[in-house]
Amino acid sequence: MDSFTAPLVILCPLLTVVTLGYLLTCVLWPFGPCRTCDGTGKRRAPFGRAFRDCTRCKGTGRRLRTGRKLHNHLTRMRRNGTR
Ligand SMILES: [Zn+2]
């Protein structure tokens with residue numbers, strides 16, 4: 001094993017495990033916490049102490065994961081193409 005293939009032998013299985021783990025996460029938990037409000041669904045008003053619903057997640061505190069968005073897009077495209 002030379003110096004070029006040694007990192008690849010370690011990196012390829014690691015990337016495979018990380019990718020499969022992310023795919024499993026997208027299947028089991030399609031929603032993640034909103035990054036703007038950290039999953040609370042509330043944002044402090046610009047002035048004063050009032051709280052408002054987060055505009056990004058519309059107060060749900062959840063966001064669709066990027067991998068799940070891609071899965072939904074591909075599923076929709078396949079359904080429309082094979083109908
Ligand atoms: Zn939010």
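When you scan segment 57-74, do you find a residue that is among the small types (Gly, Ala, Ser), touching a Phe, Trp or Tyr at 6+ places or on another chain (Cβ under 8 Å) and closer than 29 Å to Val27 by Cβ, even just one? Give the derivation first.
Within segment 57-74, the first condition is being among the small types (Gly, Ala, Ser), and the residues that meet it are 59, 61, 67.
Narrowing further to those that are touching a Phe, Trp or Tyr at 6+ places or on another chain (Cβ under 8 Å): 67.
Of the ones still in play, those that are also closer than 29 Å to Val27 by Cβ are 67.
So far as segment 57-74 goes, yes, one or more of its residues are among the small types (Gly, Ala, Ser), touching a Phe, Trp or Tyr at 6+ places or on another chain (Cβ under 8 Å) and closer than 29 Å to Val27 by Cβ.
Scanning segment 1-35 for residues that are among the polar types (S, T, N, Q) and under 14 Å from the mean Cα position of the chain (by Cα) returns Thr19, Thr25.
Values quoted throughout were computed directly from the atomic coordinates according to the rules given, and no laboratory measurement underlies them. The model shown is predicted, which means the values in this text are computed figures rather than measured ones. As a convention, Cβ positions derive from the backbone with ideal geometry for all residues, glycine included, and neighbour counts pool all protein chains shown.
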